[in-house]
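Laboratory data are not the source of any read-out in this text; all were calculated from the coordinates shown. Bear in mind that the values here come from a model prediction, so they are computed numbers and not experimental data. Ideal geometry is used to build each Cβ from the backbone, glycine not excepted, and the neighbour counts take in all protein chains shown.
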Amino acid sequence: MKTASRREFLITGASALALSGAIFQSVQGWLGQAGQYAGVGLQRLLDGPLTPPTAAQLDPVAHALNRWTFGPGPGDYARVAALGPDAFLEEQLAPEKIDDGLCERATARFTECWSEPLGEAYEEDAEYLPPVLRRTAILRAVYSQRQLFEVMCEFWSDHFNIDPGKGDCRYTKISDDQEVIRAHALGNFRDMLRASALSPAMLWYLDGRANVKRTPGEKPNENYARELMELHTLGVHGGYTQHDVMEVARCLTGWTILAKKNDGYSGNLLSPLKDRAKVVFRKEAHDNGAKQVLGQEIAAGLGEGDLERVIEIVAAHPSTAQFIATKLCVRFIADEPPPAAVDAVTRAFTESRGDIKTTLRTLFGTPEFHASTGAKFKRPFHFVVSALRATNAQTDADRGLLSYLEKMGQVPFRYPTPDGYPARAQHWHSTLLWRWKFAIALANNHIKGTHIERKEFTAALGGDAAVAATLLNRQPSAEERDALVKSGDDLALLLASPAFQHC
Amino acid sequence: MSASVNLSTNRDDRRTLVVIFLRGAADGLTLVAPVADDNYHKFRPRLAVEKEDAVPLDGTFGLHPNLRALEAAWKEGDLAIMHGAGGESDTRSHFEAQDLMEHGGPVAGGWLGRFLRTRGPSQSPLAAVAISPTLPESLSGAPSAAAVESLRDFGITPGRKGARKEDFARELARLYATEKDALRTAADNTFEALKRIEAIDTNATPANGAVYDPKFPFGQGLRQLAQLIRADVGLDAASIDLGGWDTHFTQLTTIEPLMLQLASGLASFRRDLGPRMATTTVVVMTEFGRRVAENSAFGTDHGRGGAMFVMGGGVKGGRVLGGWPGLKPEMLEGPGDLPVWNNYRNVLAPVLTQHGADAGSLAQIFPDFALQPVGLYS
C-alpha cells in the first residue's frame, strides 16, 4: 500500500479525515506499518530545521514550549524560535486554524464514539467506553498540534472532574468531554459552566438528577450545588454559606436525565434508546418558590429560568475570578503563585467576563510567568506525554502505556472525587520510581504498543549532544554531560533526570 | 540514608492489609458448609459437604476438606469467618456486583484507594501493590498504586546493551543529589526502597518452614507479598485475586482445586510471616454467594450472601461472626438465595480501623452508609 507522506496529509488538510477512514482504519493498522510510517515521520523531521537550544538556561522559547504544550518534540524549538513566542501563542489560541491530520489519524478508530448520539453510547459494552476516553486523551495530548488547547482540556477536565467509574458516567462522560470541556476549553467560562450544569454526566456524577422537590417535605440533594460553588466557581473560602448551598440546590431541582428504569427521579419518562440520558426539566419536581442566592433575589415562578440566574450569579461573583485565576497561575506559574500575577489574571478574567483566551494572554504576559522557568514539577500525565513527544514515539496508548500511568496514579479520567487530580508537586513526588522505570522502558522499547526509533532519531538530530539539548530544552551542564556518558544509557537518564521532571 | 528510615505512612506501626478477591462468586456454602443443617443436605443432595468429611469448626459449620490447611489458623484464633456476606446489589451480575463492592458503593473510586488517600501523600513508592496484570477497581484513586506480576518488576534494570545497573543508579543519584527539599527527600526515599527491594532474594526459602506449592500462581503471589512485607518498603495495602469461582456446571471439579490453592496459599503465607501476622490482615471476599439449591448440571447459580474471611492482624477468630439464621426455605431470598446480613462494609470497616482509619476517614471511605461494624476484635 502506498502511504501518503505526512506532508501530503498536512497539505490535503480538510480531506485528512476522509483519508483517515479510508487508509488508516485504526491506530493498530497504522502501527502495523510502523517501520514505513516511522520513516515518513523522520523524513518530516529532516525537512525542517532541528537545531536544538544553544543557551545554558531555559530561554523564552523553551519556556513557552514547556508551559503551553505537553513538551516539545524534535524540531519544535527551531520552529517556535523562528516564529517567535508571541506569534506561537496566537497560533495556539486559534486551534481551529491548525491542521491536525496526525492526531485525527491517531484517534480515528475512536472517532465514532465521539460522534454517536448519546443514547447510542448505552449500546456499548459497559467496560468499553472508559478506556476509549482515556486512550483518546493520551493520543490527543501526544499527537495534536493544538497543544495549548489540549493542555487547557486537561486543566478543565480536572476542574470539572467526572470519574466515568460512577454509575452511568461510563456512558455519558464522552459526551461531557465533547460538549463541555472541548467545546469551551478556550471559549468563555460562563458558557462552559452552563454546559457543565446541564451535562448528563455531571447530573449523574454529582446527583443533580436526583435533586427533586416533589412534596413539601422533600429535601433537595445538595451535592452539585455545593461543588458548583466550592470547586467550580467561588472556591471553598469564596464567601458562600450553607444557606446559599441549600438555595442553589432548590433552584436546580427538577433537572434530570431520561433513564431506562424509573428509579424515582426520572419520573415516568421511560425513554426510547435514542433519548436515553437526555436532559429534561421536570416542572413538577422543581421548587418554584422565591430564593436568595449570594445576596441576590431570585423571584418565584421562574421555573427552569432559575438555572440561568444561578449560573449568572456564581460566574460573575468576584471570588470566582480569583479562584479560577489562582488555579490557572498554579498550573502555569508556580505551586505558590505570586499574588501580583494572580491579581492581574483575576482582573483580566473579570473585565473580559470570563473570556479564557484574554485571561490566558494576560497570564502569559506577566513578569511572574516569564520568571518562572523550570519551576513546575510535571504531573505524571504531563511527564509521560512529554517523554513520548520528545522521543517522537509512536504509541497505541493501550495497556502497556496505561499501566505506567496507573503506577504513577494519574490515568486520565480515573480520579474519583470531584476536585480533580491534585495540581501541586508534593502529591506526585513519590512517583519517581515509576518515572525512572518508564524512562528506561521507553528509551529501550520495552513498552508494549509504544515504539521509538532511537538510532534514527539520534542520527536525525545530529548525535547525542543534540539529543540532550533537545530533551532538556537547553544545553546540558558539565555535570549532566558527564553523568550522561557514565550512565551507560544517556536517553534513559535524560528522561529520568530531575530536569526532565520539570517544566 | 540509614536503615532505620521508615517508608511507611503509619510510622512506628507498620501494618499491611492484604485483600484477596475471589472473582466469579465463590460458593460460601461449600467453603464453609453448614454441615449440621438438614436443609443444607436437602438443597444440595449431590454437592453438599458431608459432615464426616468436613473440618469441624463449631456445632454448625465445617470447612470443606480442601480447606484443611486453614484449620491451624482457626484453632489458634487467627481466622474469623462471616457468612451471609455481600453487598446490596441484587442484579446477580458479576460485573455490577464486583464494581459496586470494589467501589464501596455507588461512588467513584475504590474503597481501598480512598482508604489510602485519607492518609495523605504517600511516603513510599510501594504503598499499594496489586499482584495482577491490571489494577483492581478497589485501588482506583489511590495516591499511587502499582500492578505488578512479579517483584522483579520493581527494580531499576537498564535496558541498554552494555549498560550496568550500578552505573545508571549512581549517575541518577548524582543528578538528584543537587535537588533540594521535598524532591530530594522523595528521591532518597525511592533509592532506599529500591535498595530494600533489591536486597530481597526472590529465590530465598520462605521462613518458618513455610512451603508455597510451586504449581499454584496464587500462592507464589502471596509469597512475593510476604517478601515485600518483610522488606519494610512501606507497603500499606496489597491486592491479589483468585478467579474462576463461577461454578454453574460440575461445580466440584472446578472448586476443589481452587480451594486447595486458596487454603495452601493462605496457610503458607501465615506461617511464612510468623509474628508479622500480628500486624498483617488478610481479607478474603467475593462478589456474591451462590444459589442454595444445586442445579441440574451439578452446579450452582448466582446467589446473594457468600462467605468472607479475615485472618491475622489481631482478629479474635475461631468464630463464625455475625450470626446464622439457618437454611429454612422461608428465609431464602428471591429465587432461593442466602440473604445478605453481613454487609461487606461492616466487615471491612473494623479492619480499616485496626489499620489506622478513624471515624472521619471511614465516612469518606464508605460514604452514605450507616456502618454497623462486625465485632472482629472484641
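Along the positive direction of the dipole of the range A:206-316 (beta-carbon charges: Lys, Arg +1; Asp, Glu -1; about the Cα centre), which of A:311, A:224, A:258 reaches farthest?
Of A:311, A:224, A:258, it is A:258.
Hand me the chymotrypsin sites (Phe, Trp or Tyr not before Pro) from the range A:369-423 located in a DSSP loop with no more than 10 other Cβ atoms within 10 Å, in residue order please. The partial results should precede the final answer.
Details: sites: A:369, A:377, A:381, A:383, A:404, A:413; in loops: A:413.
Answer in residue order: no site qualifies.
From other protein chains only, count the Cβ atoms within 10 Å of every residue's Cβ in B:298-305, then give the mean. Let's see the in-between values first.
Details: counts 0, 0, 0, 0, 0, 0, 0, 0.
So the per-residue partner count for this stretch is 0.
Taking amide hydrogens as modeled 1.01 Å from N in the peptide plane, which residues meet the under 5 Å criterion relative to residue B:307, leaving out close sequence neighbours?
Hits under the 5 Å cutoff: B:28, B:85.
Using DSSP, restrict attention to beta bridges with both residues in the protein assembly as shown and report what percent are antiparallel, rounded to the nearest 5. Let's see the in-between values first.
Numbers: 25 of 51 bridges.
If I count the DSSP bridges inside the protein assembly as shown, around 50 percent turn out antiparallel.
So which GluC sites (Glu not before Pro) in the range A:110-140 pass both tests, a DSSP loop state and at most 12 other Cβ atoms within 10 Å of the Cβ? Provide the component values of the computation, followed by the final result.
Working: sites: A:112, A:120, A:123, A:124, A:127; in loops: A:123, A:124, A:127.
In loop regions of the range A:110-140 (DSSP not H, G, I, E or B), the sparsely surrounded GluC sites (Glu not before Pro) are A:123, A:127.
Within a 10 angstrom radius of each residue's Cβ in A:403-414, how many Cβ atoms of other chains show up on average? Whole number is fine. List each step's numbers first, then the result.
Working: counts 7, 1, 0, 10, 10, 4, 13, 1, 3, 0, 0, 7.
Mean partner-chain Cβ count within 10 Å for A:403-414: 5.
Putting +1 on Lys and Arg Cβ atoms and -1 on Asp and Glu Cβ atoms, find which of B:77, A:102, A:119 reaches farthest to the positive end of the dipole of the protein assembly as shown.
A:102
With runs of 4+ DSSP H residues as the only contributors, calculate the mean residue ellipticity of chain A at 222 nm using -39,500 (n - 2.57) per run, divided by the residue total and rounded to the nearest 500.
Numbers: 30 runs with 264 residues, N = 503.
Theoretical 222 nm ellipticity from helices: -14500 deg cm²/dmol.
Let me spell out the model: positive unit charges on the Cβ of Lys and Arg, negative unit charges on the Cβ of Asp and Glu, origin at the Cα centre of the range A:206-316. What dipole size does that give, in debye rounded to 20? Don't skip to the answer; put the middle values down first.
Values: 15 positive and 16 negative charges, 123 e Å.
It comes to approximately 600 debye.
What percent antiparallel are the DSSP beta bridges of chain B, to the nearest 5? List each step's numbers first, then the result.
On the way: 15 of 41 bridges.
Bridges in chain B that DSSP calls antiparallel: roughly 35 percent.
Run the numbers on the range A:318-370 and let me know its relative contact order in percent, using alpha-carbon pairs under 8 Å that are six or more apart. Each step should come with its number before you reach the end.
On the way: 53 pairs, mean separation 19.0, N = 53.
It comes to 36 percent, rounded to a whole number.
Which residues make up the longest stretch of chain A that has no trypsin sites (Lys or Arg not before Pro) in a DSSP loop with at most 10 other Cβ atoms within 10 Å? Can you show the working numbers first?
Values: sites that count: A:2, A:261.
By the stated rule (loop sites, at most 10 other Cβ atoms within 10 Å), A:3-260.
Taking Cα pairs under 8 Å and at least six residues apart, what relative contact order does the range A:444-503 come out at, in percent? Write out the running numbers ahead of the final one.
Numbers: 26 pairs, mean separation 14.9, N = 60.
Over the range A:444-503, the number comes to 25 percent.
Shape of the range B:32-175 from its Cα gyration tensor (a ≥ b ≥ c, root eigenvalues): rounded if a/c is under 1.5, otherwise prolate when a/b > b/c, or oblate? Don't skip to the answer; put the middle values down first.
Working: a/c = 2.98, a/b = 2.01, b/c = 1.48.
Note, shape of the range B:32-175 comes out prolate.
Hey, which lysines would be in cross-link range of residue A:213, C-alpha to C-alpha under 19 Å, not counting anything within fewer than 8 residues on its own chain?
A:283, A:291
Please enumerate, by chain and number, the lysines with C-alpha under 17 Å from the C-alpha of residue A:486, excluding those fewer than 8 residues away in the same chain.
B:161, B:165
Return the sequence-ordered ³J(HN,Hα) values of the range A:213-225 in whole Hz as given by the Karplus equation 6.51 cos²θ - 1.76 cosθ + 1.60 applied to θ = phi - 60°, using x for Gly and Pro.
9, 9, 10, x, x, 6, 9, x, 7, 8, 3, 5, 4
Say each of residue A:111 and residue B:118 gets a label point 7 Å from the Cα, pointing the same way as Cα to Cβ; how far apart are those two points in nm?
About 4.8 nm separates the two model spin labels.
How much length is gained if the chain between residue A:351 and residue A:455 is pulled fully straight, taking 0.36 nm per residue apart and subtracting their Cα-Cα distance, in nm to one decimal? Before the final figure, lay out the partial values.
Working: separation 104, 0.36 × 104 = 37.44 nm, distance 5.19 nm.
Stretched fully, the residue A:351-residue A:455 segment lengthens by 32.3 nm.
First measure r as the distance between the Cβ atoms of residue A:485 and residue A:370, then evaluate 1/(1 + (r/R0)^6) with R0 = 30 Å and state the FRET efficiency to the nearest 0.05. Show your work: numbers first, answer last.
Details: r = 33 Å, r/R0 = 1.11.
Efficiency, from the Cβ-Cβ distance: 0.35.
Name the residues of the range B:150-180 whose amide N is less than 15 Å from a point 7 angstrom out from the Cα of residue A:464 along the C-beta direction?
It comes to B:160-164, B:167-168, B:171-172, nothing else.
When averaged across all projection directions, what area in nm² does the alpha-carbon convex hull of the range A:318-370 cover?
On the way: hull surface 11.8 nm².
Averaging across all directions leaves 2.9 nm² for the Cα convex hull.
Does the range A:206-316 classify as rounded, prolate or oblate by the C-alpha gyration tensor (a ≥ b ≥ c root eigenvalues; a/c under 1.5 gives rounded; else a/b over b/c gives prolate, otherwise oblate)? Don't skip to the answer; put the middle values down first.
On the way: a/c = 2.07, a/b = 1.68, b/c = 1.23.
Prolate, since a/c reaches 1.5 and a/b exceeds b/c.
Placing +1 at every Lys and Arg Cβ and -1 at every Asp and Glu Cβ, with all other atoms neutral, what dipole size does the range A:416-503 have around its Cα centre, in debye to the nearest 20? Intermediate values should be presented prior to the final figure.
Working: 9 positive and 9 negative charges, 40 e Å.
Charge dipole, the range A:416-503, about its Cα centre: 200 debye, nearest 20.
Pop out the ³J(HN,Hα) list for the range A:412-418 in order, Karplus 6.51 cos²θ - 1.76 cosθ + 1.60 with θ = phi - 60°, rounded to Hz; leave Gly and Pro as x.
Computed from phi, the couplings for the range A:412-418 are x, 6, 9, 9, x, 9, x Hz.
Run a plain Debye calculation on the protein assembly as shown (Cα atoms as equal point scatterers, no solvent) and give log10 I(q)/I(0) at q = 0.08 Å⁻¹, rounded to two decimals, same order as the q list.
-0.79
For a paramagnetic label modelled at 7 Å from the Cα of residue B:377 toward its Cβ, which residues of the range B:87-126 fall within the zone defined by backbone nitrogen distances under 19 Å?
In the range B:87-126, the label zone of residue B:377 (backbone N under 19 Å from the point 7 Å along Cα→Cβ) covers B:112, B:115-120.
Quick one: angle between helix A:318-332 and the longest Cα principal axis of chain A, in degrees between 0 and 90, rounded to 10, please.
The angle comes out near 20 degrees.
Take every DSSP beta bridge whose two residues both sit in chain A, then give the antiparallel share in percent to the nearest 5. Write out the running numbers ahead of the final one.
Details: 10 of 10 bridges.
Antiparallel: roughly 100 percent of the beta bridges in chain A.
On a 26 Å Cα-Cα criterion, which of the cross-link pairs A:327/A:448; A:97/A:278; B:42/B:75; A:97/A:166; A:173/A:407 come out too long? List each step's numbers first, then the result.
Details: A:327/A:448 36 Å; A:97/A:278 32 Å; B:42/B:75 29 Å; A:97/A:166 36 Å; A:173/A:407 23 Å.
As for pairs spanning more than 26 Å Cα to Cα, those are A:327/A:448; A:97/A:278; B:42/B:75; A:97/A:166.
How do B:38, A:191, A:176 line up, fewest other C-beta atoms within 10 Å first?
B:38, A:191, A:176
Can you list residues from other chains, or at least 5 along the same chain, whose modelled amide H is less than 5 Å from the amide H of residue B:146?
Under 5 Å from the amide H of residue B:146: B:128, B:129, B:130.
Placing +1 at every Lys and Arg Cβ and -1 at every Asp and Glu Cβ, with all other atoms neutral, what dipole size does the protein assembly as shown have around its Cα centre, in debye to the nearest 20? Intermediate values should be presented prior to the final figure.
On the way: 94 positive and 105 negative charges, 250 e Å.
So the magnitude is around 1200 debye.
Would you mind giving the mean number of other chain beta-carbons within 10 Å of the Cβ of each residue in B:121-128, as a whole number? Can you show the working numbers first?
On the way: counts 7, 5, 2, 2, 11, 2, 1, 2.
Across the residues of B:121-128, the mean count of other-chain Cβ atoms within 10 Å is 4.
Based solely on its DSSP helices, what 222 nm [θ] is calculated for chain B when runs of n ≥ 4 H residues each add -39,500 (n - 2.57) and the sum is averaged over all residues, nearest 500 deg cm²/dmol? Spell out each step's value before the answer.
Working: 11 runs with 119 residues, N = 378.
Result for chain B, helices only: -9500 deg cm²/dmol.
If r is the Cβ-Cβ distance from residue A:284 to residue B:248 and R0 is 45 Å, what FRET efficiency results, to the nearest 0.05?
Values: r = 46 Å, r/R0 = 1.01.
Efficiency, from the Cβ-Cβ distance: 0.50.
Which residues does the label zone of residue B:215 cover in the range B:246-261, counting backbone N under 18 Å from a point 7 Å along Cα→Cβ?
B:253-261
Quick one, can you get me the convex hull of the C-alpha atoms of the range A:103-235 expressed as volume per residue in Å³?
It comes to 114 Å³ per residue, whole-number rounded.
In percent, what relative contact order does chain A have, based on Cα pairs under 8 Å that are 6 or more apart in sequence? Present the calculation step by step, with values, prior to reporting the outcome.
On the way: 808 pairs, mean separation 91.3, N = 503.
Computed over chain A, the figure is 18 percent.
Between residue B:93 and residue B:53, what is the label-point separation in nm under the 7 Å Cα-to-beta-carbon projection?
The answer from the label model is 3.6 nm.
Can you tell me how much longer the chain between residue B:359 and residue B:23 gets when fully stretched, taken as 0.36 nm per residue apart minus their C-alpha distance, in nm with one decimal? Please list the in-between numbers first.
On the way: separation 336, 0.36 × 336 = 120.96 nm, distance 2.96 nm.
Result: 118.0 nm gained on full extension.
Determine, at each q value in 0.06, 0.11 (inverse angstroms), the log₁₀ of I(q)/I(0) that the Debye formula gives when each Cα of chain A is one equal point scatterer.
The Debye formula, applied to the Cα set alone, gives -0.30, -0.95.
Which GluC sites (Glu not before Pro) in the range B:25-123 sit in a loop by DSSP (not H, G, I, E or B) and have at most 10 other Cβ atoms within 10 Å of their own Cβ? Can you show the working numbers first?
Working: sites: B:50, B:52, B:71, B:76, B:88, B:96, B:102; in loops: B:50, B:52, B:76, B:88.
Passing sites in the range B:25-123 are B:52.
Which residues make up the longest stretch of chain B clear of trypsin sites (Lys or Arg not before Pro) that lie in a DSSP loop with no more than 16 other Cβ atoms within 10 Å, not counting the sites? Before the final figure, lay out each step's value.
Working: sites that count: B:11, B:46, B:51, B:161, B:164, B:180, B:215, B:316.
After excluding every exposed loop site, the longest remaining stretch is B:52-160.
Evaluate the distance, in nm, between pseudo-label points positioned 7 Å from the Cα of residue A:312 and of residue A:445 along their respective Cα→Cβ axes.
In this crude spin-label approximation the distance works out to 6.2 nm.
In chain B, if every C-alpha pair distance is counted and binned at 20 Å from zero, what percent goes to each bin?
Reading the bins upward from 0: 29, 55, 15, 2.
Can you list the residues, at least 5 places off or on another chain, whose amide H is less than 5 Å from the amide H of residue A:84, using H built in the peptide plane?
Amide H neighbours of residue A:84, under 5 Å, 5+ apart: none.
Per residue of the range A:485-497, in order, report the coupling 6.51 cos²θ - 1.76 cosθ + 1.60 (Karplus, θ = phi - 60°) as ³J(HN,Hα) in whole Hz, putting x for Gly and Pro.
5, 6, 6, x, 8, 5, 5, 4, 5, 4, 5, 8, 5
Which order results if A:312, A:480, A:336 are arranged by neighbouring Cβ count within 10 Å, fewest first? Walk me through the numbers on the way to the answer.
Numbers: A:312 15, A:480 23, A:336 9.
In increasing order of surrounding Cβ atoms, one gets A:336, A:312, A:480.
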